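Below is one structure, written out as structure tokens; the observations come after it.
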Amino acid sequence: MHPSLFMLEKELIEHKIVTRLPLFLLIFGLLILGSIMFNSDSVNSMSLQFSYQGDLSADFSQGLSSFISMSAGAVSLLLSIMYLAKTFLKERQEGSLMFWRSMPVSDALTHAVKLGFALILIPLICSALVLSAELLLWFISLTNGQNLISLLGEVSFFGALLSWLLFMAKMILVSLALLPLACLLLAVSQVSNFPLLVVVVGAYTLEFLCSYVFSFTALADFIDDIMSMPLTLLTAQQPLMVFAQVGWLSCLGAYLLGGLCLLFSLLIRRQGKFAG
Amino acid sequence: MSTLVSAAHITKKYQSTMAVKDVSFELQAGQVLGLLGHNGAGKSSLIGALLGSLRHQGEVRVCGLNPVSQRAELMRHLAYISDVNVLPEWMTVAQILRYTSGVHPSFDISKAKELLSSTQIALRTKIGALSKGMKVQLHLSIIIATDTKVLILDEPTLGLDLIYRDTFYRHLIEWFHDGERALIIASHEVNEIEHLLTDVLMLKQGKVVLQGDMDSLHAQYFIVDAVHQHQEAIKQMAPISSQAGLGSSKWLLRSEYRSQAEELGEIINPTLQEIFIALQKEGA
């Protein structure tokens, strides 16, 4: 096996919340759906009161899928950002940095694994939550017959798979949008004990200064676009349009800045910290 | 013998404080270097430079590799144990062995397990739950199970009881004689490590105050145990230190005065600790 797989395994052991939170949400969802299933009377007696125009059952089913997808996406984004802010910081604070540096692993591979963990593995774990929830809905629609179908509309196996694939596609775009910010967090977390706070406060301060002090709104818009892009993508109906709205120049600028942050992070990691 | 460690003109300055000043040495396979000095003498800074963890001036090569730019490759042959635990406490013993076996090409996991089987360290135990002695034992077992050529120890037995110290040094000696290896030990416990050393590098306020192999070191100094009436004569020999006793005093002198001092009292070979204390106090 390639060393990176052992390194990913180590990240999973170290950051248990990455697996535990999605699992907890799945069990929580299971309990709610289970309670609905086992109380089919309550489904029969369930009454919904709202005014709506259009095909209710189809939209509600799609709405539920979107809700699952968006919730899992939000969880994935939250876990990725938390992980990126914490991973290098934790090594420094607990004192294990010297041990990891004593292993024959290059700094480039360490960064690649950490980025891969945050931007690929975490969304992949959360996609399992989406797939499980969708398959669960399909299974319930099979076993609970008309009661839920009447409420949710038709739920098919392929529909569940399609929702999962759409989630994966969306998360690829979210990860791409998150990449510059991820590099920034990795760099900042090596020099600050509060990387998330530094990045958020720094971004808002810069945005404020650009808008109201220097009247340089283009930079303020750029910061706003780049910082909010992952979340905008997550909630967007047409995610690809978000990239178009932000513009290629801003995207290019973000990736250039991300590249610089990555180089800076590698440089700090290369020198390490040693208690002299 | 191949040169495993080569340090040339290492200098490290922290703002206005000179931590290490122009230190140079070479270490070959089969040599054990004692890095001695008080707290703040510059031992840890020098070790940081050897490990590539500290910006410094001067050139360092370990196994022919640059510790900063070729760290990943170098870490196949270089290991380090410090006075504080650097092992991740949230991992179990089995997990850290598995991780090391995955990323370290020369790590022999069965050898590590075999070494640990003779201790009280269980594979399922979390590292955080181990005592300090056990953590050092675990770390040493991991290092022994790799083909490490250079091992750097920074106060490794600090806080360990006598049993753990004994086991630690026993395993260390076995490891050392098991191949062409070099060892650097930084310690305050001069008496404890003296029997292991082939060479000594003594630092004081970042500067080298004593450097050489143990034989030449003992040839450089001697102690004369002379009655008090010879005090004035001995003071002419620029003694490094003196220790008053009942009716006589022990004077540490440089070897150039040996023939003169022989007439004044009994000549004794000094221990490394006596030389260490004398040199650290000299001029203080």
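The values are calculated or read from the model by the stated rules, or taken from the named source; none is laboratory data. Worth saying up front: this structure is predicted, and the values here are computed from it rather than measured. Every residue, glycine among them, receives a Cβ derived from its backbone with ideal geometry; neighbour counts consider all protein chains shown. Side chains are part of the model used for accessible areas, which takes the heavy atoms of the whole protein and leaves out ligands, DNA and RNA. Shrake-Rupley method; radii C 1.70, N 1.55, O 1.52, S 1.80 Å.
Before moving on, here are some points about what is shown:
- Pair list, Cβ < 8 Å and 6+ apart or interchain, from region A:99-122 residues that are within 13 Å of chain B (Cβ to nearest Cβ) to residues that are crowded, with 21+ Cβ neighbours inside 10 Å and among the acidic types (Asp, Glu): A:Trp100/A:Glu91
- From the options B:Leu97, B:Leu87, residue that is under 22 Å from A:Leu12 (Cα atoms), within 14 Å of chain A (Cβ to nearest Cβ), touching a residue at least 40 places away in the same chain (Cβ under 8 Å) and part of a loop (DSSP other than H, G, I, E, B): B:Leu87
- Among the residues of this structure, A:Ser175 does not count as one that is open to solvent by less than 40 Å² (accessible area, probe 1.4 Å), small (Gly, Ala, Ser) and modelled with pLDDT under 95.
- Number of the condition not met by B:Ala72 [criteria: (1) in a strand (DSSP E or B); (2) open to solvent by less than 30 Å² (accessible area, probe 1.4 Å); (3) within 20 Å of B:Val150 (Cα to Cα)]: (1)
- Pair list, Cβ < 8 Å and 6+ apart or interchain, from region B:191-214 residues that are assigned by TED's automatic domain parsing to the domain that holds B:Arg165 and over 19 Å from B:Thr11 (Cα atoms) to residues that are of a type in the set (Val, Ile, Thr) and open to solvent by 20 Å² or more (accessible area, probe 1.4 Å): B:Asn191/B:Thr271; B:Glu194/B:Thr271; B:Leu196/B:Ile173
- Flag if B:Thr92 is out of contact with any strand residue (DSSP E or B) (no Cβ under 9 Å at 6 or more places or on another chain) and facing chain A (nearest Cβ under 9 Å): no
- Scan of region B:199-222 for residues that are open to solvent by less than 50 Å² (accessible area, probe 1.4 Å) and out of contact with any Ser or Thr (no Cβ under 9 Å at 6 or more places or on another chain), ordered by number: B:Asp199, B:Val200, B:Leu201, B:Met202, B:Leu203, B:Lys204, B:Leu210, B:Gly212, B:Ser216, B:Leu217
- The residue of region A:102-126 that is farthest from A:Ser175 (Cα to Cα), among those that are surrounded by fewer than 20 Cβ atoms within 10 Å (Cβ to Cβ) and of a type in the set (Gly, Ala, Ser), is A:Ser106.
- Hey, A:Phe60 within 14 Å of another protein chain (Cβ to nearest Cβ), part of a helix (DSSP H, G or I) and either open to solvent by less than 50 Å² (accessible area, probe 1.4 Å) or at pLDDT below 90 (or both) or not: no
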